[in-house]
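*Asks:* Structure in structure tokens, see below.
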Amino acid sequence: DLIIAQAKANHFIVVNQATQKNNPLNGFIKQVLWNYGNIVPDYLLGRYTCALFLRISQHLLTPQYIYDRVKAIGKQFRLRILVCLIDVEDFELALKEVTKLCVFSEFTLIVTRNEKEAARYLETYFALENKPTDVLRERTEQDYISKVESALTSIPSINKTDAMQLIANFKTVHALVNADVKELSKCPGIGPTKVQRLKEALQMPFRKK
Amino acid sequence: MILEYERLALKEVEEQDGLCIVGKGLGVQRIISKLVDNLCQQQKLILGLRFSKDWLHSLEQWFLVNQDIEPHLYPREIDASYSRAERQSIYHLEQGFLVVTSTILVHDLLLKVIPAEKVSCMVVNEAEFLVDDSRIECFIIRLLKEQNKKCSIKAFSERAEWFTRGFHLVEKAMRNLKVTKLYLWPRFRVEVDQCLLKSSGQLVELEVRQTPKMASLSKAILEAMGACLVELKRRNKSIDVSELDIQNALFKSFDFVILKQLEPMWHNVSSYTKQLIRDLRTLRNILTFSTKLNCVSFFNFLMAITQSEDTSKSHWLMSKTGEKIFTFAKSRIYVKSKDNKDLERKEKKPKFTSGSSIPLDMKVILEPSPKWSVLHSLLQEIRAKTNGEKWDEMLSMGYGCRVIIFVKDVSTMIELSEIVKDAKAPEEYLRKEFQKLMKSRDEAIARAKRLLAKEIADSENFYGIEPEPVDKENVQEKTGMDLASYCSDEETLGEKDSSRNLSLQVPDIEIVTLEASTESRKGLEVLESLKPRFVIIYEPHNCLIRQLEVYQNEFTELPLEVFCLVYENSVEKDKFEKALEYEAHSFERLIREKENMVVFVDDEHSNVDQNREDTSKFGIVEVGTLNRDSRKIGGRIYVDMREFRSKLPQLLYDTGAELIPVTLSIGDYILSKSIFVERKSLSDLTSSLQSGRLFSQVQQLCRHCRFPCLLIEFPPGKSFLLSSFSELVKELNPISVLSRLVLLTIHFPLLRLIWCHSEYFCGSVFAALKSSEPIDELPEIDSLVQNDTDSKEYDNYSAVDLLLQLPGVHERNVQNIVNKFNSIQELCNADEDELETTFGSNNAKIFYEFVHSTAPNLYEGQFK
């Protein structure tokens, strides 16, 4: 099939003509191209990736549906995704079922409340299929202020404002780390609990004994 | 000695277990101390919950003073530094008051290290925290009560308002505490009132007028808050606005009320609204500090705030009122004189002259806080009253010191210690503070120049030209000179800085800090030990005022005069009065609630019903239908020790699982041989995707089991959205959280995702997964556990978590670092060569630079 071959060469997303024809979700796929085609899954996102789409409201009406679909796909494709859109308030039981199904049928579950975001997931899976893991392995560069912020706010009860007060008062991390209780408490907003937490993180040994 | 009503309260709670809520400052700590004392004398094993180190110290003091029990029964704190064997031997002594760290206590209860049947009583401090049933303390009480039904529980709280922030919170707390009695001791209760009225001293409230600039400053802040509130109401029509007025917005509980209201629809709340809520919080902080800090520190504080705010998002910051706030704050420090305006325009750089380091057109004002002068005259009056021989007489009567000044935090204390020296001190003090401010600004300029010079030098180096070191020195010299000329007594400044002490050398005057967390104990302790003739309350303090009453009734023979300094018509005063009102109101509500309360009887049967009722509310049937007797259904689950901070283990316990606390190196929960789960809260997910930590964790997970699961836990009510609305209209962003998560699943197709919006849901999903696996089939644990619990790998989690956030530290070298260095402090004080061996040269350089580089200037553009 030409469409599927083209899709697998990463030209566009194929949308299942039979099941997803009237899905408003398709309208939100704007960042990449897509086309209807006759495929088994709901969406074909590349050579190795496919996706099913499920609305919780639909699942509540026809619980058997998703089991059949999952079964039909079986172990085809390396990565199988189930995008689950939560569109009712009473979703817990259904979501639990779907979660269990996904774990044991080896589907990757994606849950969202928003159609736009659901479409964004599909786009992203399509766009990133052949990307390397570099982004995941190393941290992104940050400027000095945000580095200090992310470090200090990892201490419980220290918030953004506290972090800024601290670095504004001590100027360097070196000075901050060597500060005593009195100097720390001089910063506005740093009470005894926060001082205690700071001391614990900065000056107490990594290991006790 | 304890007062009549305290004795009554103690008697009540000793007779029957219960929750005892006492008004702030009415001496709950003395009731507890006496209770513990009595219990210890019976030579029994007593456990304490939520007692801080500080608290234990006070308790020890009490024992030392009373001397009626032997030292080996003194309270003991048991933390991670005790090994399991040591703990066991302590428990088996079966006597004394033990305060065990919560996670260790859970561990010991689950594994039955502690002989629960020997615990005769559990004393709970700060019981207000138990309204939230996800607290680990609730789990502890449950485990204890299950293992020993006879153990009595005595709980205390002095924060009545916490119990009225929602419906039936007292009942909830009592259910969690498993007590049936509620004892209320508000200030207006007849017994208390009669007792305290017997001898009431003299309290003089001195209203201090704010300077016009201060008044307009707070007016501007209130205006900005008002604007936020109006906007908030306008944007969110559905929320109940009856409680959202500016009076309530002054309190922290306001955030609580509004978040509670927005919680059910949080996924629909716009980022604009969220920002408004943040803004209100920031503004409230600014408001509090506007009367508290002196003009220079306040300005400093304001600058740091602007740095932490996202200027493009924050609404007030860029508005007209926001500008006003800055103008007024600045105008308390300096004004621009008009004559020099033209001169300024010609020269863009700040102009320095030999006389001063500040720009010519700036006229430094440095407005002192109005309370300072009042304080001075007050002290003078007091000195005159008690001069010379008269004072000796008083000493012999039993007084300990002349004056105590109570303040609310250390920075005010340090400030006052300078101020009270003499009448000229305030000016001097402000000048020094201002000088520091200018210095940091000058430093910033110098640094900018230095950097520029370095850059030039670097580029020249590139072409083989020697850099000019002279450049740097020049700049430094210049700034140094400017400073010296502005403040002639720079040496004294240096000297002062080094000799700042917590105790004060000013004769006869003690300045005491009462911080919110310790006020309830420290206030009375200080009064009892110092026995003052006069007390000055520098910032109004409702807890302290009650403590003074209590103190006066204790020492009726020592008359006391109390002065309270409060700003006239100020927010400070409003807040003080409102807080008293609020507490009384809360007590009234609690009294009404007590009348209509359904007292539940704690037995096995009702417990099961309770479970069922609780869980059916959340739409989960399965959890409730498992009752305690069918424990075996759940089988065994390994739980990482760190996880006990969350509610999930407690809920798993509900499903009938047997929890085995261990320290896992892979994952957080091991449900069965093939299901390992790594739990990540949304914020953890974001940061660990950024730092690369999650990648290696998932890699490990995938190697060890068939169904590796990543549990993504959203904050309650804020469910299932990874990207903001604004992100969704933009193009694909390869480094957003969503993209990173997608990439992660692409590379680990085996990784299963579990999405949770609440811990209840999480528990039921675990139960569902576990139920389809063979019972009790658990993997060989040895290879997965870092070490046994007695010698845990990383004890100080917050230090290690912080370490991993520092530049140059990675999963790869963190092990080495922890082995080589003792603490973060030691690490930061190491020189570059030392670092290189553990970090690798590139990382060492990154780390060293981060630690030693100076923060960029926060004052950019403020002194133009």
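Read-outs throughout are calculated quantities, based only on the coordinates presented, and are distinct from any laboratory measurement. Everything quoted here is computed from the prediction, not taken from an experiment. With ideal geometry, Cβ positions are generated from the backbone for all residues, glycine too; neighbour counts draw on all protein chains shown.
*Asks:* Other chains' Cβ within 10 Å of B:680-691 residues: what's the mean?
*Replies:* For this peptide, the per-residue mean of nearby foreign Cβ atoms is 2.
*Asks:* For segment B:33-108, state which GluC sites (Glu not before Pro) are in a DSSP loop and have at most 14 other beta carbons lying within 10 Å of their beta carbon.
*Replies:* B:Glu94
*Asks:* Find, among the trypsin sites (Lys or Arg not before Pro) in segment B:75-132, those assigned to loop by DSSP (not H, G, I, E, B) with at most 15 other beta-carbon atoms within 10 angstrom.
*Replies:* B:Lys112
*Asks:* Can you give the local net charge around B:Phe254? Use residues other than it whose beta-carbon is closer than 10 angstrom to its beta-carbon, Lys and Arg +1, Asp and Glu -1.
*Replies:* Net charge around B:Phe254: 0.
*Asks:* Taking amide H atoms as placed 1.01 Å from N in the peptide plane, list the residues 5 or more away in sequence, or in a different chain, whose amide H sits under 5 Å from that of B:Arg636.
*Replies:* Here B:Glu658, B:Asp776 satisfy the definition.
*Asks:* Related question: With θ set to phi - 60° and the Karplus curve 6.51 cos²θ - 1.76 cosθ + 1.60, what are the ³J(HN,Hα) couplings of segment B:250-261 in order, to the nearest whole Hz, using x for Gly and Pro?
*Replies:* 6, 9, 5, 5, 4, 4, 4, 4, 6, 5, 4, 5
*Asks:* Follow-up question, since we're still on this one. Find which of A:Tyr121, A:Leu202, A:Gln165 sits farthest along the positive direction of the dipole of segment A:117-209, computed with +1 on the beta-carbon of Lys and Arg, -1 on that of Asp and Glu, about the Cα centre.
*Replies:* After comparing all options, I get A:Leu202.
*Asks:* Something else now. Given the options A:Thr99, A:Thr124, A:Thr161, which has the most mean-square fluctuation in a GNM of chain A, springs set between C-alpha atoms less than 10 angstrom apart?
*Replies:* Among A:Thr99, A:Thr124, A:Thr161, the largest mean-square fluctuation in the Gaussian network model of chain A belongs to A:Thr161.
*Asks:* Now a separate question. Calculate how many DSSP beta bridges within segment A:11-96 are antiparallel, expressed in % of all such bridges and rounded to the nearest 5.
*Replies:* Just about 25 percent of them are antiparallel.
*Asks:* Let me ask you something else. How high is the FRET efficiency from A:Tyr36 to B:Tyr797, r the C-beta distance, R0 51 Å, rounded to 0.05?
*Replies:* The calculated FRET efficiency here is 0.45.
*Asks:* Can you list the residues, at least 5 places off or on another chain, whose amide H is less than 5 Å from the amide H of B:Tyr334, using H built in the peptide plane?
*Replies:* For B:Tyr334, the qualifying residues are B:Ile365, B:Leu366.
*Asks:* Compute the relative contact order of segment A:156-209 as a whole-number percentage, counting only Cα pairs closer than 8 Å that sit 6 or more residues apart in sequence.
*Replies:* It comes to 36 percent, rounded to a whole number.
*Asks:* Kindly state, to the nearest 0.05, the FRET efficiency for B:Ser134 paired with B:Asn387, given R0 = 56 Å and r defined as their beta-carbon distance.
*Replies:* About 0.40, to the nearest 0.05.
*Asks:* With loop defined by DSSP as not H, G, I, E or B, and exposure as at most 11 other Cβ atoms within 10 Å, which is the longest segment of chain A clear of exposed GluC sites (Glu not before Pro)?
*Replies:* Formally, the longest exposed-site-free interval is A:1-88.
*Asks:* Now a separate question. Pull up all non-local amide H partners of B:Gln210: gap of 5 or more, or a different chain, and H-to-H distance under 5 Å with H placed in the peptide plane.
*Replies:* B:Glu568
*Asks:* Let me ask something else about it. Have a look at A:Ile86, A:Ile158, A:Ile110 and tell me which one the Gaussian network model of chain A (Cα, springs below 10 Å) gives the largest fluctuation.
*Replies:* Top of the fluctuation ranking is A:Ile158.
*Asks:* Now a separate question. Rounded to whole Hz and in sequence order, give me ³J(HN,Hα) for segment B:84-95 from the Karplus expression 6.51 cos²θ - 1.76 cosθ + 1.60, θ = phi - 60°, writing x for Gly and Pro.
*Replies:* Coupling constants for segment B:84-95: 4, 5, 4, 4, 4, 5, 5, 4, 7, 5, 6, 8 Hz.
*Asks:* Let me ask something else. Using a Förster distance of 45 Å, how high is the FRET efficiency between B:Ile365 and B:Glu588, based on the Cβ-Cβ distance and rounded to 0.05?
*Replies:* Efficiency at R0 = 45 Å is approximately 0.40.
*Asks:* Taking the Cα centre of segment B:4-197 as origin, sum charge times position over the Cβ atoms of Lys and Arg (+1) and Asp and Glu (-1), and report the length of that vector in debye to the nearest 20.
*Replies:* 500 debye
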